[in-house]
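> The structure that follows is given in the form of structure tokens.
The values are calculated or read from the model by the stated rules, or taken from the named source; none is laboratory data. Values in this document were obtained by computation on a predicted structure and should not be read as measured data. Cβ placement follows ideal geometry from the backbone for every residue including glycine, while neighbour counts extend to all protein chains displayed. Surface accessibility is based on the protein's heavy atoms, side chains included, excluding ligands, DNA and RNA. Shrake-Rupley method; radii C 1.70, N 1.55, O 1.52, S 1.80 Å.
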Amino acid sequence: MEKAEPPTLNGLVETALFVEDVGRASDFYETVLGLSKVKASDTGCVFCTGNQRYLLIVSRKAAQTPNRATSGDVLPPVALPQHDGRGPGHIALGIRKDALDFWRARLAKHDVDLLSEISWESGARSLYFRDPNGHMIELATPGIWEAP
């Protein structure tokens with residue numbers, strides 16, 4: 001009997017950052033990084049970062065309370081007691097290699113401090129800075145995880 005191959009994952013669909021001020025965070029990701037907002041409410045918002053890839057900005061307070069789906073079903077709180085979204089998170093967004101100067105200039109234009117710029121062994125480069133909630137944001141060129 002032939003063994004069936006298990007299905008593979010299609011990649012990371014979403015990641016969430018928990019924030020104190022949804023409006024301030026939303027402004028940063030929309031204005032500074034130029035992300036497109038696809039959904040918003042008083043409890044958070046969703047930005048498209050690529051083909052079926054999303055960044056969720058969630059109110060830390062709202063993450064602790066149950067929500068209702070449009071069907072009326074009660075959904076559990078976003079943040080479980082074991083992972084309450086406290087402390088700074090980290091996300092990396094992909095950029096083209098030839099866009100590094102553009103992003104340095106854009107961050108400077110919006111008074112965002114560039115904390116570090118790394119040249120990896122693979123030849124990839126990363127720019128590191130913090131969003132208004134203290135989350136570490138990385139803009140990475142292709143090849144960051146590939147061996148040189």
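> For segment 1-54, how many residues are surrounded by fewer than 11 Cβ atoms within 10 Å (Cβ to Cβ), at pLDDT 80 or above and among the acidic types (Asp, Glu)?
2
> Take the residues of segment 137-148 that are open to solvent by 40 Å² or more (accessible area, probe 1.4 Å) and under 20 Å from residue 50 (Cα atoms): which is modelled with the highest pLDDT? Break it down stepwise before answering.
Step one: of segment 137-148, the residues open to solvent by 40 Å² or more (accessible area, probe 1.4 Å) are 142, 144-148.
Restricting the remaining residues to those that are under 20 Å from residue 50 (Cα atoms) gives 142, 144-145.
Numbers: 142: 90, 144: 81, 145: 77.
By that ranking, first place goes to 142.
> Let me ask something else. Within segment 100-117, work out how many residues are open to solvent by less than 50 Å² (accessible area, probe 1.4 Å), in contact (Cβ under 8 Å) with a residue 40 or more places away in the chain and assigned to a helix (DSSP H, G or I).
Number satisfying all stated conditions: 2.
> Which residues, counting only those in segment 118-132, are open to solvent by 60 Å² or more (accessible area, probe 1.4 Å) and in contact (Cβ under 8 Å) with a residue 12 or more places away in the chain? First the steps, then the outcome.
Here is the first cut: in segment 118-132, the residues open to solvent by 60 Å² or more (accessible area, probe 1.4 Å) are 119-121, 125, 130.
Result: 120, 121, 125, 130.
> OK, next. Going by the conditions given, is residue 62 more than 20 Å from residue 13 (Cα to Cα) and modelled with pLDDT of 90 or more? Step through it out loud before you land on a result.
Numbers: more than 20 Å from residue 13 (Cα to Cα): yes; modelled with pLDDT of 90 or more: no.
So residue 62 fails the test.
> Name the residue that is farthest from residue 137 (Cα to Cα), counting only residues in segment 28-60 that are assigned to a helix (DSSP H, G or I) and in contact (Cβ under 8 Å) with a residue 24 or more places away in the chain.
31
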